[in-house]
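Data block below; observations after.
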Amino acid sequence: MKKHILLLLLVSLLLSLTAQPSSADELPSFLGALPLCIPERIVIDSLSIDQPIDPCDDNDIINPSSWWDVIWWTGGGCPSSTPQNSENLTTYLFGHASNNLSRKVVFDDLKLMEPGDAITIVTDIGDFDYKVEEVFILEKSAFLEDERVTLNREGRLLLVSCWTKEKYNRRAAKHNIVVVANLESFKS
């Protein structure tokens, strides 16, 4: 029993010594002073995306109605969410990808994004600028179990779309592509 307790204490000590705050943990100080906002547009200059954002509440199926729609899942957070004004902090935006070379749709090129790329979310209170941290692909069946998807943290944005290696063939995609970005700045 003493060995187990000692081992647990040692593991806890090691974790506390190795856990270094990331730049994502050091959120801009302005965030706590902002009211909750409504995302209105997404702008990704590197992908030539400038599209309106429509809300989708908890009761809706998260499936944009057209190839060019970007939807904000209101069951998550908004760009100005903080622990003081919301229990849901991460902002989730969804859009379609077709992987069809003859027809481009809104999130077809998410796979081209790289760490450091810029994303702007235009809201009713101002513009929130994000920097991409990570782009990854995972099976749809693992989506809700993946901590990179479910992490609830202020200043965090996820762009999500279906993904398939094959050209669009009308079969349901079995994977999602996810872009994780962190808040860098705000302009009112």
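The values are calculated or read from the model by the stated rules, or taken from the named source; none is laboratory data. In this text the structure is predicted, and so the values were computed from the model without any measurement. Note that each Cβ is placed from the backbone with ideal geometry, even for glycine, and that neighbours are counted across all protein chains shown.
Going through (1) surrounded by fewer than 16 Cβ atoms within 10 Å (Cβ to Cβ); (2) at pLDDT below 90; (3) on the phi > 0 side of the Ramachandran plot one by one, G116 falls short only on (2). Here L144 does not qualify as in a strand (DSSP E or B), aliphatic (A, V, I, L, M) and either at pLDDT 95 or above or within 19 Å of I62 (Cβ to Cβ) (or both).
Listed conditions (1) over 25 Å from A173 (Cβ atoms); (2) surrounded by fewer than 17 Cβ atoms within 10 Å (Cβ to Cβ); (3) under 13 Å from the mean Cα position of the chain (by Cα) are all met by D127, apart from (3).
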